[in-house]
Amino acid sequence: MTPNCLVCGAETRHRFDAVVEGFALFACDDCGSARTWPALDGRQIAAWYPQAYYGNRNVRFNPLFERMTRWFRRRRVGVIRRLTKPGAVLDVGCGRGFTLRFLADAGYRSTGVELSADAAAHARDVLGIDIRTGDFLSQSFEAGQFDVVIFWHSLEHVADPLAALNRAAEILKPGGLLVVAVPNLSSIQARLAGREWFHLDVPRHYVHFSARGLKRALRDRHFRIVDTAHFSFEQNPYGWIQSILNRVFAHDLLYSILKEPAARAHRIREYPLQTIATSIAGVLLLPVAMILMTIETLLRRGGTIEVYARKEAS
Ligand SMILES: [Zn+2]
């Protein structure tokens, strides 16, 4: 028996075995999305989020990338600011809370939900944001409480994404803005890289949305799509670089090197020569990745997408 599509409910079929042993991708012909199989339950998946995933003492990357991360968050807030007036905003899977801090500085009332107690503590204690620690679906929010709900690379980490979208529709005001950023399985980089695609991130990603599948799921829930962005300087050039490197070097090696020292130490010890080679290759691939990003953006087949949608006034 094959599992049903998490996005549209249709039957799926085996597409390929994942790089991570014991998992496979099951794809849906109907909406073009896929799911990770088997799907781990809440207790099992926790083991796949070691402390290093969030960083050591809440520093996730090397200093340059940490600065860039903050710059990207500010840009993200600028986009939301253009589409909405300041109001109540919920960031589901808010991580360390930078986006919410910048939104609060722009006049929004910021609330976050975060599974990681450490990341939540950073958002709460260091940034002063109102954070609920735990699972989104078990939080008690009121119907129509929020003007903006954000899933920024978090919806694919949810075991039941449709339940999460239903809940988002419930707690948004009519006319409220839903922001969903996810990897795009129908992108050129996903198609070409196959099981080596950087953004698969199995088994942490339960679902792998196609752009079509995600938009259909939103329309079915009475959202009107306002904009779909296929350009992401933050995500898409790196998706190309790491996917190409994955063909030659140990899986996601460069990515672990770019993290902060505690997270990268054991991988460098494991692959000393590959570490040097992948670092040089990564730099050399940068201009190539910029060209590929430009092409995928023009063809509207970006490696990750941002979908902005409004809840219809019913
Ligand atoms: Zn489907």
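Bear in mind these aren't lab numbers, they're just calculated from the coordinates by the rules spelled out. As the structure is a prediction and not an experimental result, all values here were calculated from the model. Note that we place each Cβ from the backbone using ideal geometry, even for glycine, and neighbour counts take in every protein chain shown.
Multiply the residue separation of ALA106 and ALA229 by 0.36 nm, subtract the distance between their alpha-carbon atoms, and state the gained length in nm to one decimal.
Here the segment from ALA106 to ALA229 would lengthen by 42.0 nm.
Please compute the modelled spin-label separation between SER140 and ARG67, points set 7 Å along Cα→Cβ, answer in nm with one decimal.
Between ARG67 and SER140, the label points sit 4.6 nm apart.
Kindly provide the helix-only [θ] at 222 nm of the chain, computed as the sum of -39,500 (n - 2.57) over DSSP H runs of four or more divided by all residues, to the nearest 500 deg cm²/dmol? Mind dumping the intermediate values first?
Working: 12 runs with 123 residues, N = 314.
Rounded to the nearest 500, it is -11500 deg cm²/dmol.
Go ahead and collect, in residue order, the members of segment 176-215 whose backbone nitrogen is under 14 Å from a label point 7 Å along the Cα-Cβ direction of GLN44.
203-206, by backbone N distance to the label point.
What percentages make up the Cα-Cα pair-distance distribution of segment 101-193 when the bins are 5 Å wide from 0?
That works out to 3, 12, 19, 23, 20, 11, 7, 4, 1, in percent per bin.
Quick one: how many lysine pairs does the chain have with C-alpha atoms less than 28 Å apart and a gap of 8 or more or different chains? Give me the count, please.
6
Is the C-alpha gyration tensor of segment 1-116 telling us rounded, prolate or oblate? Criteria: a/c under 1.5 is rounded; beyond that, a/b larger than b/c is prolate, otherwise oblate. Don't skip to the end; give the middle numbers.
Working: a/c = 2.49, a/b = 1.64, b/c = 1.51.
Taking the square roots of the gyration eigenvalues as a ≥ b ≥ c, segment 1-116 is prolate.
Exactly which trypsin sites (Lys or Arg not before Pro) in segment 224-314 are in a DSSP loop and have at most 10 other Cβ atoms within 10 Å?
Numbers: sites: ARG224, ARG247, LYS259, ARG264, ARG267, ARG269, ARG300, ARG301, ARG310, LYS311; in loops: ARG247, ARG300, ARG301.
Within segment 224-314, the qualifying trypsin sites (Lys or Arg not before Pro) (loop, at most 10 other Cβ atoms within 10 Å) are ARG247.
Relative to the present Cα-Cα distance, how much length would full extension add between ARG74 and GLU170 at 0.36 nm per residue of separation? Don't jump to the answer; show the numbers that get you there.
Values: separation 96, 0.36 × 96 = 34.56 nm, distance 2.75 nm.
Between ARG74 and GLU170, full extension yields 31.8 nm more.
Give the peptides 93-101, 153-161, 36-44 in descending order of average Cβ contacts within 10 Å, highest first. If you can, show how the numbers build up before the last one.
Details: 93-101: 25.2, 153-161: 20.8, 36-44: 13.7.
Most protected by this proxy first, the peptides run 93-101, 153-161, 36-44.
Enumerate the calculated ³J(HN,Hα) couplings along segment 277-285 in order (Karplus 6.51 cos²θ - 1.76 cosθ + 1.60, θ = phi - 60°), each rounded to whole Hz, writing x wherever the residue is Gly or Pro.
For segment 277-285, the Karplus curve yields 5, 5, 5, 5, 4, x, 5, 5, 7 Hz.
Amide H neighbours of ALA24 under 5 Å, counting only residues 5+ apart in sequence or on other chains, H built in-plane at 1.01 Å?
ALA18, TRP37
Counting DSSP beta bridges with both partners in the chain, what percentage is antiparallel, nearest 5? If you can, show how the numbers build up before the last one.
Details: 27 of 46 bridges.
In the chain, DSSP labels about 60 percent of beta bridges as antiparallel.
Can you compute 3J(HN,Hα) from phi for each residue in segment 289-302, using the Karplus curve 6.51 cos²θ - 1.76 cosθ + 1.60 with θ = phi - 60°, rounded to whole Hz and x for Gly and Pro?
Using θ = phi - 60°, the values come out as 5, 5, 5, 4, 5, 4, 5, 5, 5, 4, 7, 6, 9, x Hz.
Can you work out the Karplus-derived ³J(HN,Hα) for every residue in segment 80-95? Use 6.51 cos²θ - 1.76 cosθ + 1.60 with θ = phi - 60°, whole Hz, and x for glycine or proline.
For segment 80-95, the Karplus-derived couplings read 5, 5, 5, 8, 9, 8, x, x, 8, 10, 10, 10, 8, x, 7, x Hz, x marking Gly and Pro.
Taking only Cα atoms of the chain, what ratio of Rg to Rh do you get with Rh as the Kirkwood inverse-distance radius? Each step should come with its number before you reach the end.
Numbers: Rg = 18.9 Å, Rh = 20.0 Å.
Rg/Rh for the chain comes to 0.94.
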